[in-house]
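Participant: Have a look at this one.
Derivation of every value follows stated rules applied to the coordinates shown; laboratory data play no part. Since the structure is predicted, the reported quantities are computational estimates derived from the model, not experimental observations. Glycine also receives a Cβ, built like all others from the backbone with ideal geometry; neighbour counts cover every protein chain displayed.
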Amino acid sequence: MTDIKPKEKFKHLAKVGPSVLQCIACGDCREQTDYTANPQKWGVCVAKDHTSGFEPFFARGKMQIIRSLWQGKLELSKDMAEVIYQCPTCKACADACAYDIDNVALYEALRAELVDAGCGLEAHIPMNKAMVALLNPYQKDNKLKRDWMEKLDFKIKDAGTETAEILYYVGCTAALTPDIENVAINTAKILKKFNIDFSVFGEHEVCCGSVAKRTGDLKAYNSVTQKNYELFKKSGVKTIITSCAGCYRTLKIDYADIIKDLEIEVLHTVEFLQKIIIENNIQFENLGFNVTYHDPCHTGRHAGLYEEPREILKKFANLTEMKTIKQSANCCGAGGGVKKGFPELALKIAKSRILEAEETGAEYLVSICPFCYRNLSDAIADMGSNLKMIDLMELLEQALT
């Protein structure tokens with residue numbers, strides 16, 4: 001073995017690096033079929049299934065790459081990045097691991113090493129630069145984050161100047177994507193109907209930093225986390241709710257230590273609203289729609305949020321599950337920077353998920369993530385599918401009228 005000091009050479013991997021030595025290369029992260037499990041397990045890695053399928057494209061190969069780096073047998077390179085970034089960090093491999101290895105933490109640490117070494121993907125650079133300079137990764141004027149609110153017939157409190165214990169953190173995708181702004185609009189309408197006193201930051205809302213964290217640009221990530229800390233502290237909010245799975249995972253898990261002293265509770269809107277529905281015995285109109293539900297990776301395997309959206313859906317729609325659900329659900333393919341870095345791969349993965357959804361006979365494919373919404377919608381359009389993509393908040397708002 002080369003005589004190196006990995007803890008000094010790889011500052012990001014040093015925080016999680018030794019855990020890679022726990023991997024026994026069993027291969028469960030490649031394929032794990034178990035018809036007796038509940039839910040049944042039909043496979044693991046969507047990246048493997050939609051790329052060459054060779055070893056580096058699923059967890060065992062990536063773990064060997066990290067081990068070899070740690071042991072001084074490999075060097076960081078752009079060729080390595082081309083492989084490592086073809087992974088949506090869905091965490092299915094970690095869920096399949098009998099040794100409870102947090103593969104995603106290792107992948108993200110490796111990506112941070114690649115970025116620091118100048119080997120990150122070129123496609124991610126403008127996105128992360130815009131996050132710092134414009135406060136969003138879409139390279140748009142952040143003032144556009146108030147446009148969706150102009151389509152409401154009521155005013156929402158400004159978290160920067162008005163007091164409310166509950167902050168609705170909209171997220172960049174719903175706030176800045178016209179085709180997806182209904183996520184924010186319907187969420188606000190529901191909160192209004194439930195008489196919830198809430199606020200938003202509007203044009204001053206800062207990206208949570210999820211895409212920078214997932215793609216390894218920790219300088220960009222740290223920049224926005226500091227801005228958000230100051231905003232949250234000044235606003236005095238006690239609860240943050242968000243309708244974006246990426247924001248939810250980032251604020252709840254990645255920000256846990258950052259905002260610990262602020263004692264803020266982070267909830268997905270479905271968690272927050274489910275409590276209100278139960279406490280107030282709220283009744284709904286039966287819409288009669290046949291639906292199937294897609295588990296976003298960031299609310300599912302990353303955070304364990306599975307039952308609440310299903311419980312809400314069953315109150316006003318007919319739910320038929322896909323073959324892979326909950327911790328065994330297939331990823332939509334957009335996460336981890338794949339949508340930006342490898343759009344064709346993201347679309348291929350999404351198409352396979354649409355085929356799964358079509359098998360249920362559902363009219364609507366429901367999710368609670370604007371990013372999943374975007375990628376799955378692209379697949380529906382490309383395939384000419386009759387499925388309709390819809391956010392849970394839109395159905396919930398309809399059922400309340």
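Participant: Whole-Hz Karplus ³J(HN,Hα) for the stretch 291-298, in order, using 6.51 cos²θ - 1.76 cosθ + 1.60 and θ = phi - 60°, x for Gly and Pro?
Facilitator: Result, rounded to whole Hz: 10, 10, 10, 9, 7, x, 5, 6.
Participant: Please work out the Cα center distance from the stretch 327-401 to the stretch 233-300, rounded to the nearest Å.
Facilitator: About 20 Å separates the Cα centre of the stretch 327-401 from the one of the stretch 233-300.
Participant: Name the shape class, rounded, prolate or oblate, that the alpha-carbon gyration tensor gives for the stretch 256-401, where a ≥ b ≥ c are the square roots of its eigenvalues, rounded holds for a/c under 1.5, and otherwise prolate holds if a/b is larger than b/c and oblate otherwise.
Facilitator: Numbers: a/c = 2.12, a/b = 1.13, b/c = 1.88.
Verdict is oblate for the stretch 256-401.
Participant: I would also like to ask the following. Which one of Lys252, Lys193, Lys62 has the biggest mean-square fluctuation once the chain is modelled by GNM with Cα springs under 10 Å?
Facilitator: Lys193
Participant: Exposure proxy check: Val338, Val224, Val16 ranked by fewest other beta carbons within 10 Å? Show your work: numbers first, answer last.
Facilitator: On the way: Val338 28, Val224 23, Val16 19.
Starting with the residue having the fewest Cβ neighbours, the order is Val16, Val224, Val338.
Participant: Where does each of Ser352, Ser210 land when they are ranked from fewest to most other beta-carbon atoms within 10 angstrom?
Facilitator: Least to most surrounded, the residues fall as Ser352, Ser210.
Participant: Quickly work out the Asn195-to-Ile282 label distance, labels modelled 7 Å from Cα along the C-beta direction, and quote it in nm with one decimal.
Facilitator: 1.3 nm
Participant: Further question: What residue among Gly335, Gly300, Gly72 shows peak mean-square fluctuation when the chain is described by a Gaussian network model with Cα springs under 10 Å?
Facilitator: Maximum among the listed residues: Gly72.
Participant: Tell me which residues come under 5 Å, amide H to amide H, from Lys388 once H is placed; ignore anything under 5 positions away on its chain.
Facilitator: Tyr364, Leu365
Participant: Ok, one more. Given the options Glu150, Glu321, Glu358, state which has the largest fluctuation in a GNM of the chain using a 10 Å cut-off (strictly under) for Cα springs.
Facilitator: Glu150
Participant: Take peptides 242-251, 99-108 and line them up by average Cβ neighbours within 10 Å, highest first, as a rough protection proxy. Before the final figure, lay out each step's value.
Facilitator: Details: 242-251: 29.0, 99-108: 19.6.
Final packing ranking: 242-251, 99-108.
Participant: Related question: Under the rule of -39500 (n - 2.57) per DSSP H run of 4 or more residues, summed and divided by the residues of the chain, what mean residue ellipticity at 222 nm is obtained, to the nearest 500 deg cm²/dmol? Could the numbers behind the result be given before it?
Facilitator: Numbers: 18 runs with 165 residues, N = 401.
Result for the chain: -11500 deg cm²/dmol, rounded to the nearest 500.
Participant: Okay, moving on. Listing Tyr255, Tyr221 from the residue with the fewest other Cβ atoms within 10 Å to the one with the most, what is the order? Write out the running numbers ahead of the final one.
Facilitator: Working: Tyr255 22, Tyr221 25.
Taking fewest neighbouring Cβ atoms as first place, the list is Tyr255, Tyr221.
Participant: How far, in nm, would the chain grow between Glu230 and Glu162 when pulled straight, counting 0.36 nm per residue and subtracting the alpha carbon separation?
Facilitator: Values: separation 68, 0.36 × 68 = 24.48 nm, distance 1.56 nm.
Gain on stretching Glu230 to Glu162: 22.9 nm.
Participant: Continuing with the same structure: Nearest-5 percent of antiparallel DSSP beta bridges in the chain?
Facilitator: Numbers: 2 of 24 bridges.
Around 10 percent of the beta bridges assigned by DSSP in the chain are antiparallel ones.
Participant: Working out 0.36 nm times the residue gap between Lys388 and Lys15, then minus their Cα-Cα distance, what length gain in nm do you get to one decimal? Numbers along the way, then the final one.
Facilitator: Details: separation 373, 0.36 × 373 = 134.28 nm, distance 4.32 nm.
Full-extension gain reported as 130.0 nm.
Participant: First obtain the Kirkwood hydrodynamic radius of the stretch 201-265 from its Cα pairs, then insert it into the Stokes-Einstein equation at 20 °C and 1.002 mPa s, and state the resulting D in µm² per second as a whole number.
Facilitator: 179 µm²/s
Participant: Compute the FRET efficiency between Glu8 and Ile258 as 1/(1 + (r/R0)^6), taking r as their Cβ-Cβ distance and R0 = 22 Å, and round to the nearest 0.05.
Facilitator: On the way: r = 26 Å, r/R0 = 1.17.
Efficiency for this residue pair is about 0.30.
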